[in-house]
Amino acid sequence: MRDTVLTAGLRWLYETEQPADAWQHHGLLLTAPTANRRYSFIPANDSRRVVVAVDVAKIEWIDNGPNELKTPANPLEPGELDALAAELQALGCEVTSTWNGHPQTTGSVGLARPAHQSLLTAFDRYRAGCLTHPQRGLFCDCDAWRAGFNRIVRPVLVAA
């Protein structure tokens, strides 16, 4: 399932033309329920870097007693983030860095190639804020603002 999710997410990042009236904020979230994982495909972080992140979908917690923080019982596996980076590399992506990972419940992989220009432009349109209500900026809740998010073209997952 992970290969299907990664292929769909990478095609979305690099090959999917986005409409000129769409905007994008956090990227695309795809799940691999049997593996208890969520994968995020982020077209641009603050450094304009593409990021693929993996998260534990349903975290189980260990109660460490009074006045102690709970710890995850099912974090990312040791080597899981490195395996994800290797798989992305095998799919033709140049990996520039990784961060977090085991024993955390999330990990990220930075990629060298920028996202599709139309997706980056949709990201820039989001950052410009609502054109109908510029005083509300990014926090507008009008129909026109919400419609821009709905125009983003998302992938269709096809089982391998």
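The values are calculated or read from the model by the stated rules, or taken from the named source; none is laboratory data. Note that this is a predicted model, so its numbers are computed, not measured. Cβ atoms come from the backbone with ideal geometry, glycine included; neighbour counts cover every protein chain shown. For accessibility, only protein heavy atoms count, side chains too; no ligands or nucleic acids. Shrake-Rupley method; radii C 1.70, N 1.55, O 1.52, S 1.80 Å.
Overview of results
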{"read-out": "Failed condition for A22, given (1) without any contact (Cβ under 8 Å) to a residue 24 or more places away in the chain; (2) open to solvent by less than 70 Å² (accessible area, probe 1.4 Å); (3) touching a Lys or Arg at 6+ places or on another chain (Cβ under 8 Å)", "value": "(1)"}
{"read-out": "Within region 89-114, tally of residues that are part of a strand (DSSP E or B) and free of Cβ contacts under 8 Å to residues at least 40 places away in the same chain", "value": "5"}
{"read-out": "Breaking point among (1) more than 22 Å from T31 (Cβ to Cβ); (2) at pLDDT below 95; (3) surrounded by 14 or more Cβ atoms within 10 Å (Cβ to Cβ); (4) touching a helix residue (DSSP H, G or I) at 6+ places or on another chain (Cβ under 9 Å), for V95", "value": "(2)"}
{"read-out": "Count of region 116-156 residues which are outside any helix (DSSP H, G or I) and open to solvent by 90 Å² or more (accessible area, probe 1.4 Å)", "value": "4"}
{"read-out": "Within region 32-88, tally of residues that are open to solvent by 20 Å² or more (accessible area, probe 1.4 Å), in a helix (DSSP H, G or I), free of Cβ contacts under 8 Å to residues at least 60 places away in the same chain and closer than 26 Å to L120 by Cα", "value": "1"}
{"read-out": "Which numbered condition D3 fails, given (1) of a type outside the set (A, V, I, L, M, F, W, C); (2) surrounded by fewer than 17 Cβ atoms within 10 Å (Cβ to Cβ); (3) in a loop (DSSP other than H, G, I, E, B); (4) over 12 Å from the mean Cα position of the chain (by Cα)", "value": "(3)"}
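This table checks each residue for (1) charged (D, E, K, R); (2) within 15 Å of Q18 (Cα to Cα); (3) touching a helix residue (DSSP H, G or I) at 6+ places or on another chain (Cβ under 7 Å).
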{"position": "A112", "(1), (2), (3)": "no, no, no"}
{"position": "A115", "(1), (2), (3)": "no, yes, yes"}
{"position": "T121", "(1), (2), (3)": "no, yes, no"}
{"position": "D124", "(1), (2), (3)": "yes, yes, no"}
{"position": "A128", "(1), (2), (3)": "no, no, no"}
{"position": "A144", "(1), (2), (3)": "no, no, no"}
{"position": "I152", "(1), (2), (3)": "no, yes, yes"}
{"position": "P155", "(1), (2), (3)": "no, yes, yes"}
